[in-house]
């Protein structure tokens with residue numbers, strides 16, 4: 001009897017495991033994403049559906065709102081292989097379609113790191129937004145931070161990123177690797193600054209006068225991300241900048 005029960009439990013476990021593998025192996029449709037890494041709690045809010053927690057390999061679709069708490073982070077992979085690392089205390093709307101802007105992501109607040117996968121070695125144009133900024137990329141790696149005043153910080157690791165204020169999208173600033181900029185209110189992007197280290201730490205680094213600092217949520221997210229990667233905030237600084245940390 002015990003042997004039969006053990007075999008039954010084993011078979012059920014194997015079926016669930018196989019189902020998970022198959023779900024993860026299924027190709028994604030355009031506009032879909034898959035949770036490929038999760039630590040803590042990732043909440044999903046979808047139109048006309050009760051809010052729920054996501055688990056590994058769950059799918060997300062156009063308009064889904066994803067939220068992490070202060071101790072959680074997750075990675076979402078899009079159908080083209082691009083990834084979005086959502087840090088703690090962040091809210092992201094996946095594949096939101098705004099009027100006049102075809103975008104794949106909208107960061108409401110908090111911090112994310114994005115890697116846009118090139119297609120056959122060629123540029124893969126994407127656009128994302130925040131409450132204040134429009135960010136255009138073509139196959140690159142960069143981080144975005146939004147504080148509690150809706151100010152946006154964009155920092156680039158690889159490739160080129162064009163940044164503009166949503167109210168004046170034609171006034172673009174081109175960021176190169178190792179550069180960052182702020183977008184505030186109805187102002188155009190501030191002059192590009194150099195930074196050292198990884199882009200997810202860029203909000204923790206000393207800035208020039210008038211650049212300000214990120215809110216606690218975005219800073220906490222970046223700090224946890226930096227700690228996880230073995231880079232502690234405050235250990236690197238801007239060339240020629242005064243001491244201290246944001």
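Things to note:
- Being over 27 Å from residue 74 (Cβ atoms), in contact with a strand residue (DSSP E or B) (Cβ under 9 Å, 6 or more places away or on another chain) and buried (at least 17 other Cβ atoms within 10 Å of the Cβ) is not true of residue 198.
- Inspection of the stretch 56-67 finds no residue satisfying the criterion of being touching a residue at least 40 places away in the same chain (Cβ under 8 Å), more than 18 Å from residue 31 (Cβ to Cβ) and crowded, with 19+ Cβ neighbours inside 10 Å.
So that you can scan it fast, the table gives a plain yes or no per residue for (1) under 10 Å from residue 135 (Cβ atoms); (2) in a loop (DSSP other than H, G, I, E, B):
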position	(1), (2)
163	yes, no
182	no, no
187	no, yes
196	no, yes
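- Hits in the stretch 92-121 (condition: under 22 Å from residue 43 (Cβ atoms) and modelled with pLDDT of 90 or more): 92, 93, 105, 106, 107, 108, 109, 110, 111, 112, 113, 114
- Residue identified as under 18 Å from residue 200 (Cβ atoms), in contact (Cβ under 8 Å) with a residue 12 or more places away in the chain and not in a strand (DSSP E or B) among 89, 148, 80, 157: 89
- Which numbered condition residue 69 fails, given (1) at pLDDT 95 or above; (2) over 29 Å from residue 196 (Cβ atoms); (3) in contact with a strand residue (DSSP E or B) (Cβ under 6 Å, 6 or more places away or on another chain): (3)
- For the residues 183, 163, 154, the requirement of being at pLDDT 95 or above, surrounded by 16 or more Cβ atoms within 10 Å (Cβ to Cβ) and in contact with a helix residue (DSSP H, G or I) (Cβ under 9 Å, 6 or more places away or on another chain) singles out 154.
- Looking only at the stretch 122-139, residues that are crowded, with 21+ Cβ neighbours inside 10 Å and at pLDDT below 90 come to 2 in all.
- Residues located in the stretch 78-90, provided they are more than 12 Å from residue 104 (Cβ to Cβ) and surrounded by 15 or more Cβ atoms within 10 Å (Cβ to Cβ): 85, 86, 87, 88, 89, 90
The values are calculated or read from the model by the stated rules, or taken from the named source; none is laboratory data. Bear in mind that the values here come from a model prediction, so they are computed numbers and not experimental data. Cβ sites come from the backbone with ideal geometry, for glycine too, and all protein chains shown count toward neighbours.
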